Each structure stands twice: as C-alpha cells, then as structure tokens.
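Comments concern the structure below.
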Amino acid sequence: MTVLIALDQGTTSTRTVAFDKELQIIHSEQKEYPLIYPNDGWVEIEPEELMNSVYATIDPVLDACSDIIAIGITNQRETTLVWDADSGQPIYNAIVWQDRRTAEQCMQLKNDGVEENIKSKTGLLLDPYFSATKISWILDNVDGAREKADAGKLRFGTVDTFLLWQLTCGDIYKTDVTNASRTNLYNIHRKEWDAELLEIFNIPSSMLPEVHSSDSNFGTLVRGDKTIQISGVIGDQQSALVGQRCFQSGQMKATFGTGCFLMVNTGDESMQSTSGLLNTIGYGLSGKVSYALEGSIFSAGTIIQWLRDNMEFFSDSSQSINFLQASGESNGVLFVPAFTGIGAPHWNSEIRAAFYGLTRDSTKTDMVTAAFKSLIYQVIDIKEALKIDGIEINNLSIDGGMAANSMFCQLLADCLGQEVQVPSSLESTAVGAAITAGIGAHFFSIDDLQKMQSGNGTIYEPRSKVFNSNDLIEWRKLLRVLIETYN
C-alpha cells in the first residue's frame, strides 16, 4: 500500500503516523516523555528523552509499511536546542516554547527601544516565547558556549532542525520558513535571516540553518533497510492550518493541544496586528508563501494534565468531561491558566495561575468547569482582537486532543455564539505534515486536496441562554488585577 509518513514531534509526546493516499490513518505510534521544571517559569526537555521518543515511534511505523512515498516532519515551534557542530551533542537541555526565563532580557531590550524594529521585521512581539532570547541565554549561561559559538562550533535549531541533524548524523542542517519565522531572527518580508536582528540578540550567523520552503527536498532518512525522502517540514500550528485545508485567505482553525493556537490565513498579505496578535508565515507550498495571523494561548491541555496529575481530580484526561458542567456554571469560581505567563492578546510573562472565588461549597466540578471556561474566555479575547484587526470569525474549525471532549466543544459554541466544527479526524497536525510531504513529493497538489473529502465531522450549534456574560466580565477583572499586580 502506498503511504505517506508524518513525524509529529509535540511538546509532551511524539507520534509517527502512516496515511494512505486518501489521508486515512493506517498505522500510528505514540510515546510520551516528561517535561522538566528546574525553576519557576522554566520548562525543559532532556534531548535524549526527546530522541528516544522519536525512535520508539518511527521505527515500528516504518517496519509496518512498505511503499513509502515520503516523510513529513512537524514539530513544536520555538523550542530551542544548541549543539556541538562536531559531536552533535546538545550543550544544554531543550528550552521549551513555554519557558519564561528570559523575561528580564526581553524587558531590557524593550527599554532599549528595539521592539518595534523586531516586530516590523518578524511580525512577532519581543517575548520569551520565541527562540532568540533562549539562544542568547544558553550562550551566556553555559560554560564556554559563547566562545565556541563565536568560533563557529555551535549549531542552533528548532526541533525540526535538531531532528533532521540527528536522524541523518549531521548530513542535513536545514529548517523551513514556518519554523524560521518563529525565532525573532527571520525577516518574514525578505525571507532571510536578518543581520540586524542577529546583532540585537548577539547571535553568530554561523549558528543558523539553511531556510527552505515547507515542501522542499530536505534530503533522505535512512532507517534499517529503508531510504525515505524527506519532502516536508512545517511547524505544528501551520501544519494544522494545512491539515484543515485552510488554503484560502480568511480560513481559520484552532488547535487545542498542549496550548491553544488560533490561526487565520491572510494569503499574500502580511498583516501587522494592532491588537496583540502575531503576524507569521502560514506555509511555503508550491512556490508560494502565505501569511497568517495567530493568537497563542500558552496553557490548554497542560491545564487538564495538571488537574489530573497534580490535583489528582481524575486518573485519565478523558474523565475530565465528568467534572464539566454542561451549563458552564462554576458556582462563582474563576481560573486564570497562567502557569508560565499568559499569551495573546495580553502578553505578560510574570503573571501566574490562580483560582478565585473558592468557598466551602466549592467542588471539583466547579474548579474543572472554571478551568475549561478560562480557555474559552481566552478564545473570546482573541476573537475580539481579530475583529479589531478587521477579521470577522463566523465559524470556527477546531482540532487537537481537547476537541474530543464534546461538552467542551458545545460550551465553546455557546460562549462564542457561533458554530464550531470538529473534523472527523482530530489529527490535523499530522495530516498537515503528510500533506506537505505529499506536495513536496509531487504526489498531489493543493487543488487535489481541496477536492478531497476530509470527512463530515461534527458541528456544534450554539444554545441560547447558556453563556453568562457576567462571568466573562468578572474573569477579565481578575485577569486585569493579576496583570497589574505583576507589572
């Protein structure tokens, strides 16, 4: 059977998925691994654990498949690795996109007056979320790193680049335009690494990989007796945009995974947001680059994991639906999910998570419902930010693990006051990687994909008189107080 392989390297697990020519899953493997929290606001991954999860998933899938056309890689974005150019050994743990350790450096750069220049070139804000200050931190805090970097002996990569290097024993040192656009070092208009930005962050150009279109020929992967073309590399949220077939300007998706990311295709137009959203590259496919606006929510699935593992409210994440009130009523309990700060459109690195309104009558159900509602309220804030930027959302297509929670999807539709669509396959990120590889291998075109049925899925219509706007008002008041406290 003819198959496409997607290697989906996520924040807390790796999946390798085989798809047939109709993009139906025929084989899948997944391996979780732990995150490390060395200090408040710090989030890391042990690189060996990451690579072990890749090998543990990719090898069984490759063994189970024969006629493999190509493989596509999609990855957690912004997560930063720096390694020795000769040995290939990382000099520090991977610093995860959620990590906030460089908040002080970002504030200093803002005070230096460089943020507007960075924003105009990259479409991004000056925030610890992005890779540039993570690289600087490693160079300034690992013994001998700065000297080795200046001597051209260190390499930087987001996870895609690290995987390409490791899987090919250093033969491939490349990234794609979507991952490059998340570093704060890449000029998204000129489509090149920017010398002025490298000077601002004090990063040698020798550390940076070659940048290619998402559907380029990235080389070949050799595992056992198989040699496979790597013809797709794309950041995970952009991959979900492709996986949901958002090829037209104005089409939008939301992915509820470790975090939540809303992204709308803006076509050829690079739109600079005035409301705290990010202007980024949506994809580079078939010789064309499309841009996108993005709203980033740092904590989504991590909230459910925390309720499961730390609070021990339930033993399996799927059981969270049993503690979610269908009406959205949380008995006055509010939750701000800022474990590592809060993202769009507020962008505060220092704020931390908080429950408010707890009484002796408060229950697990109240707290879990409040946690789910906090996600919905952030989606509402991003929706309103998009409206300020001139983009009206009439319906929303969502994917990711949390989209399997039907009660959450219904409550999301109720609170947004609009239709929420859930595709038949929630694996839009992996599908997008397979599509990108398929286009790169000339297996199909964007026109073919737009004609291809992706399944009917489920549509949630908003119910009347469920959304309590007073709760949203109180939640925003609480958030404002916390932001003012931590400013």
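Volume per residue of the convex hull around the Cα atoms, evaluated for the range 16-148, comes out as 161 Å³. Each of Glu269 and Thr359 was given a label point 7 Å from its Cα along the Cα-to-Cβ line. The distance between the two points is 4.9 nm.
The convex hull around the C-alpha trace of the range 2-233, projected and averaged over every direction, spans 12.5 square nanometres. Close amide H contacts of Tyr283 (hydrogens built in the peptide plane, cut-off under 5 Å, sequence separation of 5 or more or a different chain): Ser290. Peptides 114-126, 341-353, ordered by how many other C-beta atoms sit within 10 Å of their residues on average, highest first, read 341-353, 114-126. Projecting label points 7 angstrom from Cα along Cα→Cβ for Ala195 and Glu46 puts them 4.3 nm apart. The distance linking the range 400-451 with the range 261-337 is 14 Å (Cα centroid to Cα centroid, whole angstrom). With viscosity 0.890 mPa s and temperature 25 °C, the Kirkwood radius over alpha carbon pairs of the range 1-89 converts through Stokes-Einstein to a diffusion coefficient of 171 µm²/s.
Full extension of the chain between Arg223 and Glu474 gives 84.9 nm of extra length, using 0.36 nm per residue less the Cα-Cα distance.
Of all lysines in the structure, not one lies under 21 Å Cα to Cα from Lys31 without also being fewer than 8 positions from it along the same chain. Determine the shape class of the range 217-309: with a ≥ b ≥ c the square roots of the Cα gyration tensor eigenvalues, call it rounded for a/c under 1.5, and otherwise prolate if a/b is greater than b/c, oblate otherwise. It comes out oblate by the Cα gyration axes.
Each part reduced to its alpha carbon centroid, the range 88-116 and the range 150-216 end up 16 Å apart. Bridging of Lys121 to lysines at a Cα separation below 24 Å is possible for Lys110, Lys134, Lys174, Lys191, Lys288, Lys387, once same-chain residues fewer than 8 apart are set aside.
Any read-out appearing in this document is the output of simple, stated calculations on the displayed coordinates, not a laboratory observation. These figures come from a predicted structure and were not determined experimentally. Don't worry about glycine lacking a Cβ; one is built from the backbone with ideal geometry, like all the others, and counts go over all protein chains shown.
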